[in-house]
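K.L.:
Mind looking over this structure? Questions follow.
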Amino acid sequence: MSVKKFKFATACVLAAAMSLCSAKAAETPENFEGSVICAYHRVPHFKNVVSIADATPEAIKAVNWIADKIGITKDFRIHRAKFSSSPIAFAALRDGERFIVYDEDFFVSHNNKTPWHDIGIFAHEVGHHIQGHTAQSNLENWPQEIAADRFAGFAVSRLGGSLENALAMSRSLSEKPSDTHPSRAIRKKAIEEGWRHGEAMKKREVSACGNGWQGKEIDIDGSMCRIARQCVDGKPLSRIACRDFEGAWKWMGK
Ligand SMILES: [Zn+2]
């Protein structure tokens with residue numbers, strides 16, 4: 001299936017004071033176009049968008065948490081929307097900006113808590129962005145959806161979630177395959193693969209994590225210094241230690 005193109009004109013006309021359309025002049029309803037890669041489990045029908053607004057603090061926090069844990073820039077523009085026919089969520093790139101739009105009726109984040117189901121879906125959309133799907137056209141959708149599902153599973157692992165947590169998102173997946181999305185069973189397998197990949201990576205990090213000296217002493221501005229390896233919060237860290245004038249080791253910098 002080729003990438004779907006959409007126009008946001010209807011959505012923007014219908015919704016008054018929508019930040020997505022009013023944030024700057026370039027976002028007039030007439031020129032809002034983008035490549036929609038992901039309707040989470042259905043093809044999006046943007047003519048059915050009833051309203052669109054800024055995301056809730058919980059949603060922003062969840063996406064930023066994902067970005068932080070996988071080490072990418074927190075540069076997503078997140079919006080909630082109401083759809084008469086919901087796609088649940090989608091990712092789109094427009095004018096170089098990364099959009100994530102989700103169905104506000106479907107997400108249940110509240111009281112500063114975001115369930116793993118919602119985290120998984122956000123991670124899936126982030127996955128479309130960082131794997132470049134939103135910048136491409138004319139690609140098959142199934143491989144992209146599977147790649148985004150794998151990423152979502154991987155992200156949940158990085159966030160400290162269990163396999164059950166990673167699979168929480170699957171309850172929203174269609175059991176039957178469509179032209180654009182694989183069946184729930186295939187997608188659950190992809191989520192699990194991604195989660196297991198994340199767990200394997202964690203184990204490698206822990207086994208590579210330890211305390212000790214690395215290499216020989218080096219002369220830094222007349223002081224004898226060495227690189228020290230440390231294990232901080234399960235992650236390896238390298239620091240430089242130098243001897244002071246009494247011969248005691250002191251950390252360089254902070
Ligand atoms: Zn998707």
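K.L.:
Give region 222-247 a look and list any residue that's in contact with a strand residue (DSSP E or B) (Cβ under 8 Å, 6 or more places away or on another chain), surrounded by 10 or more Cβ atoms within 10 Å (Cβ to Cβ) and within 30 Å of F154 (Cβ to Cβ), or say none. It would help to see each step written out before you state the result.
P.N.:
Taking region 222-247 as the starting set, the residues that turn out to be in contact with a strand residue (DSSP E or B) (Cβ under 8 Å, 6 or more places away or on another chain) are 223-231, 236-244.
Narrowing further to those that are surrounded by 10 or more Cβ atoms within 10 Å (Cβ to Cβ): 223-231, 236-237, 239-243.
Those that are in contact with a strand residue (DSSP E or B) (Cβ under 8 Å, 6 or more places away or on another chain), surrounded by 10 or more Cβ atoms within 10 Å (Cβ to Cβ) and within 30 Å of F154 (Cβ to Cβ): R229, Q230, C231, P236, L237, R239.
K.L.:
Looking at D219 and the list (1) in the same structural domain as E97 (by TED's automatic domain parsing); (2) surrounded by fewer than 15 Cβ atoms within 10 Å (Cβ to Cβ), which single condition is not satisfied?
P.N.:
Going through (1) in the same structural domain as E97 (by TED's automatic domain parsing); (2) surrounded by fewer than 15 Cβ atoms within 10 Å (Cβ to Cβ) one by one, D219 breaks only (1).
K.L.:
Hey, can you tell me all the residues within region 199-221 that are of a type in the set (S, T, N, Q) and in contact (Cβ under 8 Å) with a residue 24 or more places away in the chain? Quick ask: steps written out before the conclusion?
P.N.:
Going residue by residue through region 199-221, those that are of a type in the set (S, T, N, Q) are 207, 211, 214.
The answer is Q214, and nothing else.
K.L.:
Could I ask something else about it? Starting from residues that are free of Cβ contacts under 8 Å to residues at least 60 places away in the same chain and among the β-branched types (V, I, T), keep the ones in region 59-108 and report whichever is nearest to the ligand (Cβ to nearest atom).
P.N.:
I100
K.L.:
Please verify whether region 153-171 includes one or more residues that are over 16 Å from the mean Cα position of the chain (by Cα) and within 11 Å of the ligand (Cβ to nearest atom).
P.N.:
no
The values are calculated or read from the model by the stated rules, or taken from the named source; none is laboratory data. Everything numeric here is computed off the predicted structure, so don't read it as measured data. Every residue, glycine among them, receives a Cβ derived from its backbone with ideal geometry; neighbour counts consider all protein chains shown.
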